[in-house]
Amino acid sequence: RTGCVVLHCPALRGLAALRPRHLRSVLLADHLAQLLRAQGVAVRLVPALTEERSWDVLRQLRICWPSSSGGSSLADAASALKAALGRCPCAAACEEGPGTTEGVIFKVHLKSFVEQQGLVGYDPNLDVLLVTEGILWSLAELQEAVLQCPVSDPYSTPCLLLPKCQSSCCRIIHVVNCEEDFQQQQLDVLWRILDPGAHTALQTHLVCGPVKVTNPSSPIGADQYFQLRRRQMYEASVIKYGELAQDEAWTEVIDILTVAAIRFEMLSTAHRSQITLDLENNSISTKGTKSGAFVMYNCARLATLFDTFQRAVERGTYPPLPPVSELNFSCLREEGEWLLLFNYLLPFPEVLQQATLLSPPSKGIRINANTETVCKFLIQLSMDFSSYYNRVHVLGEPFPHLFDQMFARLQLLGAVRDVFHSALATLHLPPLNQI
């Protein structure tokens, strides 16, 4: 095992409704968790979802996030933090009375602590934090997640994906949108004050740029955003596929295409850059080569190719695909075939590793991630595969002297299909078998 990461997404805590800007950080955390797990890193997600809220939009977007199991451990941990706060020299208890903000139990002087500790990278406006029971509960949940992280063998290899991180450590990454950044810095410093351990010193912040929504008639929620994109995807599919797309069997296909469209819309841009969502014009298309729908379309083309081949084998048109050791790859002479091999199949493991490299600056608390890498890789792969597939007739005439080349091409495209599936899995997108 190569270490443990706690991914903390404050957007899922205490909001009346998720907005697209919150959804961006949630999708990024979900994707990063999948990428890290694929590289052998243990990941815990915080906060746990509570039952009192409706999380339909997360389920619709195939976001896998843990739910709260209740229990008294968090309450005990929050009480312990409250007691620690009472002994803290930079904290002052607040008694309820005129002029006191409701729910505030302590005032903590963050600025003096930051200066004493020589901490860099924090907002200079950090000053006094009004601490509530809810804030302590949030820190208690983070503490519990750290305690539940598996302890690695101290003699194992240090984690290459997390610079300055030993294999036995647990690193905390706060994944926030830019509007939550200041508030999360406050909690970061408070946690360092109350629990000056090695794990709190490893806190870093992955900050997402703003999400600008053009021409909104009113503030739009994440659920409305999903439903709008789903309706647009349905209409675009009807235009392209006619009555077929109105069949009930297409309901799941439309849902998957919608999830793909939203995930690529949110994740194919570098996390620190602004995203602009045009929700008034129909910006969803099944034809655009930069879209998630285009990627899923090409994934489905591969599924159709192998399904067609298998049915032809069952009819006796072709013999079964021989073992790899019996194939003659010297038959692959198309430039597009070698492009697929050298640009996508061979570099794919490196692409996944690059996507999980979390590079901290020389000083400060913000880190950068390459979470747009997988989406860009899939888009480019889809473009080059589509170009090759439109030009080359893979399943040729059933003549024995043509089988060597056909089998070599099928083996190559089978590997391309596996890369599609593995990359899509990091986005919680299942492969499409029809479109």
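The values are calculated or read from the model by the stated rules, or taken from the named source; none is laboratory data. If you're wondering where the values come from, they're calculated on a predicted model, not measured in any experiment. Reconstructed Cβ throughout: ideal geometry from the backbone, glycine too, with neighbour counts over all protein chains shown. Keep in mind that these areas ignore ligands, DNA and RNA; they rest on the heavy atoms of the full protein, side chains included. Shrake-Rupley method; radii C 1.70, N 1.55, O 1.52, S 1.80 Å.
Count, please, the residues in region 382-435 that happen to be without any contact (Cβ under 8 Å) to a residue 12 or more places away in the chain and within 23 Å of PRO322 (Cα to Cα).
First, pick out the residues of region 382-435 that are without any contact (Cβ under 8 Å) to a residue 12 or more places away in the chain: 390, 393, 396-397, 399-402, 418.
Filter again for within 23 Å of PRO322 (Cα to Cα), leaving 393, 396-397, 399-402, 418.
Selection size over region 382-435: 8.
Which condition from (1) part of a helix (DSSP H, G or I); (2) surrounded by 18 or more Cβ atoms within 10 Å (Cβ to Cβ) is the one that VAL207 breaks?
Going through the list (1) part of a helix (DSSP H, G or I); (2) surrounded by 18 or more Cβ atoms within 10 Å (Cβ to Cβ), VAL207 breaks only (1).
Of these, SER69, SER112, SER79, which one is at pLDDT below 85 and open to solvent by 20 Å² or more (accessible area, probe 1.4 Å)? Spell out how you get there, then give the answer.
Numbers: SER112 fails: at pLDDT below 85; SER79 fails: at pLDDT below 85.
After applying the criteria, what remains is SER69.
Going by what's in this entry, would LEU85 be described as modelled with pLDDT of 85 or more and out of contact with any Phe, Trp or Tyr (no Cβ under 6 Å at 6 or more places or on another chain)?
Judged against the criteria, LEU85 is not a match.
What is the one condition in (1) modelled with pLDDT of 85 or more; (2) touching a Ser or Thr at 6+ places or on another chain (Cβ under 6 Å); (3) of a type outside the set (A, V, I, L, M, F, W, C) that GLN274 does not satisfy?
(2)
Restrict the check to region 41-61 and report whether at least one residue is out of contact with any strand residue (DSSP E or B) (no Cβ under 7 Å at 6 or more places or on another chain), open to solvent by 50 Å² or more (accessible area, probe 1.4 Å) and modelled with pLDDT of 90 or more.
Yes: one or more hits.
State which residue is surrounded by the most Cβ atoms within 10 Å (Cβ to Cβ) when the search covers only region 318-329 and only residues that are in contact (Cβ under 8 Å) with a residue 12 or more places away in the chain and more than 21 Å from ASP307 (Cα to Cα). It would help to see each step written out before you state the result.
Within region 318-329, the subset in contact (Cβ under 8 Å) with a residue 12 or more places away in the chain is 318-319, 321-322, 324, 327-329.
Pick out the ones that are also more than 21 Å from ASP307 (Cα to Cα) and you get 328-329.
Values: ASN328: 12, PHE329: 15.
Out of the qualifying residues, it is PHE329.
Could you tell me whether region 405-421 includes any residue that is in a helix (DSSP H, G or I) and among the β-branched types (Val, Ile, Thr)? First the steps, then the outcome.
Taking region 405-421 as the starting set, the residues that turn out to be in a helix (DSSP H, G or I) are 405-421.
Applying the additional criterion that residues be among the β-branched types (Val, Ile, Thr) yields 416, 419.
Yes: one or more hits.
To keep it simple, each residue is scored yes or no on (1) touching a helix residue (DSSP H, G or I) at 6+ places or on another chain (Cβ under 9 Å); (2) crowded, with 17+ Cβ neighbours inside 10 Å.
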{"position": "SER359", "(1), (2)": "no, no"}
{"position": "GLU372", "(1), (2)": "yes, yes"}
{"position": "SER386", "(1), (2)": "yes, no"}
{"position": "TYR389", "(1), (2)": "yes, yes"}
{"position": "ALA408", "(1), (2)": "yes, yes"}
{"position": "LEU413", "(1), (2)": "yes, yes"}
{"position": "VAL416", "(1), (2)": "yes, yes"}
{"position": "SER422", "(1), (2)": "yes, no"}
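Identify the residue in region 294-317 that is part of a helix (DSSP H, G or I) and free of Cβ contacts under 8 Å to residues at least 40 places away in the same chain and, among all such residues, is most open to solvent (accessible area, probe 1.4 Å). Outline the logic, then answer.
Applying the first criterion (part of a helix (DSSP H, G or I)) to region 294-317 yields 294-315.
Narrowing the set further to residues that are free of Cβ contacts under 8 Å to residues at least 40 places away in the same chain leaves 310-311, 313-315.
Working: GLN310: 88, ARG311: 106, VAL313: 28, GLU314: 136, ARG315: 158 Å².
Looking at residues that are part of a helix (DSSP H, G or I) and free of Cβ contacts under 8 Å to residues at least 40 places away in the same chain, I get ARG315.
Please go through region 237-249 and give me each residue that is open to solvent by less than 10 Å² (accessible area, probe 1.4 Å) and of a type outside the set (S, T, N, Q), ordered by number. Lay out the reasoning, then the answer.
Start the filter on region 237-249 by keeping residues that are open to solvent by less than 10 Å² (accessible area, probe 1.4 Å), which leaves 237, 245.
ALA245 - this is the single residue of region 237-249 that is open to solvent by less than 10 Å² (accessible area, probe 1.4 Å) and of a type outside the set (S, T, N, Q).
Is it the case that region 353-370 has a residue that's assigned by the TED database to the domain that holds ARG301 and more than 24 Å from GLY3 (Cβ to Cβ)?
The first filter runs over region 353-370 and keeps only residues assigned by the TED database to the domain that holds ARG301, leaving 353-370.
Subset that is more than 24 Å from GLY3 (Cβ to Cβ): none.
No: zero hits.
Considering each of PRO98, PRO150, PRO154 in turn, give the residue that is touching a strand residue (DSSP E or B) at 6+ places or on another chain (Cβ under 6 Å), of a type outside the set (Gly, Ala, Ser), more than 30 Å from LEU257 (Cβ to Cβ) and at pLDDT below 85.
Values: PRO98 fails: touching a strand residue (DSSP E or B) at 6+ places or on another chain (Cβ under 6 Å); PRO154 fails: touching a strand residue (DSSP E or B) at 6+ places or on another chain (Cβ under 6 Å).
Exactly one residue qualifies, and that residue is PRO150.
Suppose we filter region 188-201 for residues that are open to solvent by 20 Å² or more (accessible area, probe 1.4 Å) and touching a residue at least 40 places away in the same chain (Cβ under 8 Å); how many remain?
5
Within region 202-220, work out how many residues are of a type in the set (Ser, Thr, Tyr) and touching a residue at least 12 places away in the same chain (Cβ under 8 Å).
Applying the first criterion (of a type in the set (Ser, Thr, Tyr)) to region 202-220 yields 204, 214, 217-218.
Retained after the next criterion (residues that are touching a residue at least 12 places away in the same chain (Cβ under 8 Å)): 204, 214.
Selection size over region 202-220: 2.
Evaluate the following for ASN343: is it touching an Asp or Glu at 6+ places or on another chain (Cβ under 9 Å) and either under 23 Å from VAL394 (Cα atoms) or open to solvent by 30 Å² or more (accessible area, probe 1.4 Å) (or both)? I'd like the intermediate steps shown before the answer.
On the way: touching an Asp or Glu at 6+ places or on another chain (Cβ under 9 Å): yes; either under 23 Å from VAL394 (Cα atoms) or open to solvent by 30 Å² or more (accessible area, probe 1.4 Å) (or both): yes.
Criteria met by ASN343.
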